[in-house]
Every structure is written in C-alpha cells, then in structure tokens.
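Structure first, then comments.
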Amino acid sequence: MIILDTSAALALAHGHEALHRLADKIAHTPGDWLHLPALCLLKAEESDAGVGGALLALPGLRVDPLSQVAADAVGGMVRDGWGGADTCHALYAATPHLESGGMSIILTGREDAYAPGFLTVDIDSPGMLGFH
C-alpha cells in the first residue's frame, strides 16, 4: 500500500511531476489506490485552501477514514510523542492490518518526521518508486 502524508499530498496538489505520474499509473491499474489518511487531507486543506478539493478530484486516490479504533490509536501515538495527528494517522495507516497485509510505503517530503522502522520514501529522491 502506498500512503501519501500531508507533505506528499500538498506536493501532488501543486503539480509534483513524479507524484502525478505515479497517481496516473495507479489510476489506470484496477484495484490499486494511493491512500491519503483523512487527517493528512485535513492538514493539507488547513494549510492551503482548495488543496482538498483538488486532491479529491484525482482518480485513484482513496481517503482512509479515521475509524473509532484508529482515533484511539492515533490519539495514543500523538500523546506518546510520535508526531502530530496527521503524521500519526499516516503511521497508523502504514502499520500492517488485516485489510492491508504487509508493511506500507509512506511517501513524504519529511522523512525525518518518522520513527525508524517505517518505510518512508522521500518524494524528491532520485528515481522515487521508479519515477523522476
């Protein structure tokens, strides 16, 4: 599963070429999605008006809701110092669950915001997921 955090969502909405190519490829692959945790969408819209609507208009993008169980887990992660609510929702989404299977990739412009043990890829790294 590929997860966009707030920084990646903002970059995608602002025309980041590699992310747009990835989004286009995923949109044309049945059953594949770019996952955007709801709190990352909220934070992106909070920091730049209109970004949420632009992201929601993209095919192949799926907003992962903040369920009751996720809200409890994310709240605990924030309390324990793992980061802000949006970062912790991305971490929660990346944690292996029954629905998602194995470890997920978090696309980010802020790799330093994540604890070791999570697979993060900088959106500006050369050859990011084969796109550049």
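The values are calculated or read from the model by the stated rules, or taken from the named source; none is laboratory data. Everything quoted here is computed from the prediction, not taken from an experiment. Methodologically, a virtual Cβ is constructed for each residue, glycine included, from the backbone with ideal geometry; neighbour enumeration extends over all protein chains shown. The accessibility values were calculated without ligands, DNA or RNA, using every heavy atom of the protein model including side chains. Shrake-Rupley method; radii C 1.70, N 1.55, O 1.52, S 1.80 Å.
What percent do you get for the relative contact order of segment 50-108 when only Cα pairs under 8 Å and 6+ apart count? The value is 21 percent. In the frame of its principal axes, the chain has Cα extents of 36, 32, 28 Å, reported largest first.
Based on protein heavy atoms only, the chain ends up with 51 Å² per residue of surface accessible to a 1.4 Å probe. Simple rule: put +1 on each Lys or Arg Cβ and -1 on each Asp or Glu Cβ in the chain, find the dipole, and look at Y114, A94, G75; the Cα lying farthest toward the positive end is A94.
A simple charge model with +1 on the Cβ of Lys and Arg, -1 on the Cβ of Asp and Glu and nothing else charged puts the dipole of the chain at about 180 debye relative to its Cα centre. Only Cα pairs within less than 10 Å get springs; with that Gaussian network setup on the chain, which residue of H20, H89, H35 has the largest fluctuation? The residue with the greatest mean-square fluctuation here is H20. On the chain, 58 percent of the accessible area sits on carbon and sulfur atoms, based on a 1.4 Å probe.
Pairs of Cα atoms under 8 Å, at least six residues apart: use those to get the relative contact order of the chain, whole percent. In percent, rounded to a whole number, it is 31.
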